[in-house]
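**Student:** Submitted below is the structure of interest, expressed as structure tokens.
Every number in this text was worked out from the coordinates using simple rules, so none of it is lab data. Please read all numbers here as calculations on a predicted model, not as lab measurements. Neighbour counts run over all protein chains shown; Cβ positions are idealised from the backbone, glycine included.
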Amino acid sequence: MGDETEQSALMSNRHRPKITSVARTFLVCVAILVGPSRSGAVEGPSGFIEVCGAPDIIAPTTRLFRVNVSGFEKEFVFPGDACTAPIQVRAGDVKVVEVAEDGVEVTGIKAFSLDDSGTRVSRELSKSTVARTVYASVLAGDVSKQTVIVFTNRRSR
């Protein structure tokens, strides 16, 4: 989606200003700097996840995505068609839940990482588009081994 079609989800549908790539970058940076607080330090082996939002091509929605990640007290907020910065979590199983919003439904959820040859490897343990939830496996290691989680949304019919 181009900058000219992206709109902020902070205002009502009729009065949404257009969001530029600079504004989107600012929003992501604010989310990183303010950041959700962790309920405790990561103990034991850790890994990374990155959560992304994707519009459904049939009935796309442009809005801010809001997700809760197990181990964090506050939600992560990021623009649609973008991703969070890498989030350090405890290696093993992680639960990510997209916060429900009226008029928007989840049509797909994917969780994957890349192996050493660059091939996608599924990291989904279980998922439910109705519950807006995915349980994913996170490998111990640096960002190069991160698990990417993608929520696809569309306007409700």
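**Student:** Straight distance only, please: which aspartates and glutamates reach the Cα of Lys127 with their own Cα at less than 15 Å, same-chain residues fewer than 8 apart left out?
**Tutor:** Result set, ordered by chain and number: Asp93, Glu98, Glu105.
**Student:** How far is it, in nm, from the label point at Lys95 to the one at Arg66 when both lie 7 Å from their Cα along the line to the Cβ?
**Tutor:** A separation of 1.9 nm, rounded to one decimal place.
**Student:** Taking amide H positions as placed in the peptide plane 1.01 Å from N, state which residues far from Ala91 in sequence (5 or more) or on other chains have amide H under 5 Å from it.
**Tutor:** Sorted by chain and number, the residues that satisfy this are Ser46, Gly47.
**Student:** In a shell of Cβ-Cβ distance under 13 Å around Ser144, excluding Ser144 itself, what net charge do Lys and Arg (+1) and Asp and Glu (-1) give?
**Tutor:** It works out to a net charge of -3.
**Student:** If we count every other residue with Cβ under 14 angstrom of Pro45's Cβ, Lys/Arg +1 and Asp/Glu -1, where does the sum land?
**Tutor:** Values: positive: Arg90, Lys145; negative: Glu43, Asp93, Asp142.
So the environment of Pro45 carries a net charge of -1.
**Student:** May I pose another question? What order do you get for Thr119, Thr84 when you list them from fewest to most C-beta neighbours inside 10 Å?
**Tutor:** Thr119, Thr84
**Student:** Oh, and also: Quick query: amide H of Thr61 versus all other amide H atoms, modeled in the peptide plane; which residues come in under 5 Å with a sequence gap of 5 or more or a different chain?
**Tutor:** Long-range HN contacts for Thr61: Asp56, Arg155.
**Student:** Going by how many other beta carbons lie within 10 Å of each one, how would you line up Ile109, Ile49, fewest first? Provide the component values of the computation, followed by the final result.
**Tutor:** Details: Ile109 20, Ile49 23.
Exposure proxy ranking, most exposed first: Ile109, Ile49.
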